[in-house]
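Throughout, read-outs are computed from the coordinates displayed, never taken from laboratory work. Remember, it's a predicted structure, so these values are computed and weren't measured experimentally. In this analysis, Cβ positions are derived from the backbone assuming ideal geometry, glycine residues included, and neighbour counts consider all displayed protein chains.
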Amino acid sequence: MSTRQPELFASDAVEVPSMFCEVAVPLPLRQRLTYAVPAGMVRHVQPGVRVIVPVGNQRLVGYVMASSPHAPDDVPLARIRPLFHLLEAEPVFPDELLRFLREAADYYLHPLGEVLRTAAPAVERRKGEDPTKPDRPGAKKQSLKARWTRVHEEVYVRLGDGVDRATKLRGDKQSELFAILAARGEVSITELKQQLKNPRPAIDALHGKGLITLEAREVPDDPFFGAPVPRDTPPALTPAQTDAVEAITQAVTHGERANFLLHGVTGSGKTEVYLRAMAAAAAKGRSAVLMLPEIALTPQLVARYRARFGDNLAVLHSGLKDDERHAMWRKLHRGECHVAIGARSAVFAPVKDLGLILVDEEHDPSFKQDDHFRYHGRDMALLRAHRAGVPCVLGSATPSVETYHAAMEGRYRLLSLPDRATNAAMPSIEIVDLKRVGPRGPTGHELLSLPLVRALEATLKRKEQAILFLNRRGFAPSVRCPRCAVSLECPSCSVTLVLHRRASALRCHYCDFNAPFANACITCGCTELTLIGVGTEKLEHALVSSFPGARIGRLDRDVASGMGAEEVLDKLRRGDLDVLVGTQMVTKGHDIARVTLVGVIAADATLAFPDFRATERTFQLLSQVAGRAGRREFPGHVVIQTWQPEHPVLLRAKTHDYEGFYRDEVSARAELGYPPFGRLAALKLDAPDEAQLQRTAAQMDELLRATADVKSHTVKVLGPAPSPIEKLRNRYRMQFLLRCTERPPLRRVLHHLVEHLDTFTQHDVRVAIDVDPVNML
Ligand code: ADP
Ligand code: ZN
């Protein structure tokens with residue numbers, strides 16, 4: 001790198017530059033990069049603007065983080081190179097957001113450049129600008145995209161081949177349009193309409209001159225902005241809603257730094273509280289951001305927000321095309337709309353004058369990002385709101401133990417909605433002991449017990465609807481060869497292959513492995529294979545054959561990527577389905593009057609997870625899915641099948657006793673020193689070579705144990721141990737769990753590790769630091 005220095009100020013200046021800036025680039029670099037600012041740019045260089053800088057022999061887009069008239073002491077002047085140029089004169093990140101991002105990077109000990117890239121995908125992913133394309137787009141994102149895909153025709157405008165970018169044009173509109181195209185390359189007419197008032201005449205004029213070309217292409221619709229939604233009339237609030245809205249509105253109006261926990265049973269009208277609180281912020285000219293789990297972000301739900309806010313709403317979701325995302329980003333950035341809703345990354349919404357952040361279903365584990373920058377959307381919402389000095393509202397029917405604990409300690413103000421808004425009663429819950437009644441009822445199918453079959457029959461007879469929840473998709477979760485005496489495993493992962501019968505395939509649910517299923521063992525050819533367990537596909541089959549007259553539907557990721565989740569749910573809403581079978585996708589948010597029966601096929605599956613939050617997850621899932629039953633005039637009933645009917649968490653769920661569950665759980669956590677009583681960080685290592693991985697883990701262990709806080713037993717180190725899933729995509733995996741009652745000692749140990757990280761990441765070993773981990777697999 002140093003050999004390139006001499007050309008340094010060749011073009012621009014001979015004397016010492018008058019300004020220096022610190023730049024973050026989208027690379028996993030942990031050191032600061034300092035550049036000299038050429039004289040002509042000094043006026044425009046401010047935190048948040050994008051610049052092109054040299055890094056080694058690459059040119060990268062970076063963000064100015066800070067500027068100063070002084071060069072840093074620790075970098076020799078001769079080694080400081082000038083930045084190449086500015087991408088725009090305005091900061092991409094509002095100051096408030098930029099400072100928050102810096103803190104987020106620090107909290108998670110993650111390279112700042114990568115944090116910025118996570119926060120500004122719309123900006124970074126524009127064509128030709130991202131030299132380090134993220135390599136893992138994430139399976140979930142793709143399936144969501146497919147789930148809502150419908151197409152419409154869109155016209156794209158771009159400069160004609162060989163047109164001189166310096167062409168002089170008559171008329172402001174034309175030159176403005178030309179400048180946009182020269183800078184961006186290609187832009188859709190829809191987006192141009194957002195940037196220029198009535199761009200059509202200018203487009204026609206330039207087209208007539210042969211300067212631009214137009215091309216019509218089919219593009220997928222944004223599912224959330226299809227047909228216009230009529231404005232709704234807000235309902236009169238219930239007394240409990242009124243109290244909650246008043247408390248939050250007060251804090252918004254006075255710009256108070258306050259955290260609220262909105263604890264409301266399913267169907268208690270939390271959404272109406274969010275709507276009012278957001279409207280209150282918007283009325284003050286301030287922005288509100290609402291985050292919710294991606295899976296809950298359905299067109300149905302978004303319509304409720306559109307009906308209230310119309311065009312004053314931006315929806316940030318993973319199905320957006322890049323230029324749509326960019327358009328949303330700009331709308332918010334310019335303060336053209338005040339309300340943003342979206343999944344976890346909405347915590348980075350570049351809103352102007354932030355006034356309020358809300359997190360719906362705050363307990364949901366999907367708020368935690370599980371790769372790259374491993375942030376927790378809810379925790380970051382709290383941090384951002386706190387730093388901005390504005391209120392943060394966390395809402396849930398089943399708050400996380402951490403959140404409820406904070407409310408009990410008085411750190412969050414507790415707002416309760418104890419009853420359903422529609423006056424519907426909570427559903428009755430029946431626990432079916434599979435040991436006693438047997439897993440096979442009158443139909444002979446596994447996991448359709450007698451009480452469940454009777455309940456289904458009664459529901460069908462009343463012409464009402466049922467939802468059956470089972471946490472596994474596919475036909476049979478495991479296929480066993482009696483001759484080899486093993487279950488068929490994925491060749492790249494240490495998990496069993498799942499049989500998908502309709503597709504006649506064996507699939508790994510953790511990687512892309514997919515092999516045709518020829519009804520024979522891959523190893524020995526034996527054809528007497530045993531299918532073990534039940535997945536949603538098998539359950540659907542069992543219902544079709546047991547209830548011939550009934551219309552059965554299925555909703556899981558397999559279906560969602562084909563026919564579309566919304567279509568299945570529409571059918572249920574219209575009454576074209578009698579029974580819907582599905583995975584977690586059926587548990588969230590749906591509000592359908594005729595659904596009166598909910599069946600939980602196997603409550604034991606989540607309880608068995610090797611995770612200290614398994615009990616909590618079970619309680620949450622059971623409460624959520626039970627909350628789908630009997631939301632309106634028809635009373636609801638829930639049947640939970642289990643092999644452990646005496647498990648305390650089932651009894652708490654049966655009586656809708658959140659407080660009881662919380663008391664049980666919090667004392668167990670206190671005993672074990674788990675959150676909220678201890679701070680955790682996981683170190684996750686993986687490598688293609690198992691022996692190398694073990695050597696690296698041993699070295700890391702030595703380093704950790706040599707740190708003062710570990711020596712003094714302030715920080716406990718558990719591990720290294722193989723991860724519960726020992727091999728994933730041909731990489732072996734090990735982990736450490738670090739635990740401490742206070743955060744600072746834990747951070748000291750992690751900082752020490754970060755300083756030596758390079759020594760561990762050789763030989764294709766990867767190390768991820770996961771602060772406040774959620775996924776323990
Ligand atoms: P939650 O988000 O707490 O699960 P929702 O906001 O979906 O609950 O509300 C459940 C149902 O109650 C919805 O159909 C909603 O329209 C209705 N609802 C909410 N608030 C009121 C109210 N104040 N008066 C009448 N109906 C209401
Ligand atoms: Zn696999």
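Worth a mention:
- Dipole magnitude for the range 362-511: computed about the Cα centre from +1 point charges on Lys and Arg Cβ and -1 point charges on Asp and Glu Cβ, it is near 520 debye.
- Phe84-Ala670 FRET efficiency (beta carbon distance; Förster radius 60 Å; 0.05 resolution): 0.60
- Each residue in His763, His509 was given a count of other beta-carbon atoms within 10 angstrom of its own, and listing them fewest first yields His763, His509.
- The Cβ shell under 15 Å around Ser478 holds other residues with a net charge of +3, Lys and Arg each +1, Asp and Glu each -1.
- Label point 7 Å beyond Cα of Ser18 along Cβ direction - residues of the range 34-70 with amide nitrogen under 13 Å: 37-45, 69-70
- Note on Trp643, Trp329: ascending count of other Cβ atoms within 10 Å places them as Trp643, Trp329, the fewest first.
- Helical runs (DSSP H, four residues minimum) scored at -39500 (n - 2.57) apiece and divided by the length of the chain put the mean residue ellipticity at 222 nm at -9500 deg cm²/dmol.
- A simple packing score, the average count of other Cβ atoms within 10 Å per residue, orders the peptides 704-717, 96-109 as 96-109, 704-717, with the highest score first.
- Basic side chains Lys and Arg get +1 at the Cβ, acidic Asp and Glu get -1 at the Cβ, and with that the dipole of the range 332-409 about its Cα centre reaches some 340 debye.
- Residue (of His509, Leu83, Ser188) at the positive-pole extreme of the chain, dipole from beta-carbon charges: Ser188
- Leading residue at positive end of dipole, the chain (Cβ point charges), from Ala282, Tyr404, Gly553: Gly553
- Rounded to 10°, Cα long-axis angle of helix 536-546 versus longest principal axis of the chain: 30
- For the chain, DSSP calls about 55 percent of its internal beta bridges antiparallel.
- Between the helical axis of 614-626 and the longest alpha-carbon principal axis of the chain there is an angle of about 80 degrees.
- Taking a ≥ b ≥ c as the square roots of the eigenvalues of the Cα gyration tensor, the range 643-777 is classed as oblate, since a/c reaches at least 1.5 and a/b does not exceed b/c.
- Helix axis angle, 450-461 relative to the chain longest principal axis, alpha carbon, degrees: 80
- Ordering Met426, Met734, Met408, Met380 by the number of other Cβ atoms within 10 Å of each residue's own Cβ, fewest first, gives Met408, Met426, Met734, Met380.
- In a simple Cβ point-charge model (Lys, Arg +1; Asp, Glu -1; nothing else charged), the range 508-611 has a dipole of about 300 debye relative to its Cα centre.
- Rg/Rh (Cα only; Kirkwood hydrodynamic radius) as it applies to the chain: 0.98
- Cα gyration tensor category, rounded, prolate or oblate, for the range 425-495 with a/c compared to 1.5: prolate
- Amide H to amide H distances under 5 Å link Asn775 with no residue, where only residues 5 or more positions off or on other chains count and H is placed in the peptide plane.
- Using the Karplus relation 6.51 cos²θ - 1.76 cosθ + 1.60 with θ = phi - 60°, the per-residue 3J(HN,Hα) values for the range 419-426 come to 10, 5, 5, 8, 6, 5, 7, 5 Hz, with x marking Gly and Pro.
- When the pairs Lys368/Lys435; Lys284/Lys331; Lys461/Lys571; Lys270/Lys571; Lys193/Lys588 are compared against a 30 Å limit on Cα-Cα distance, Lys368/Lys435; Lys193/Lys588 fall above it.
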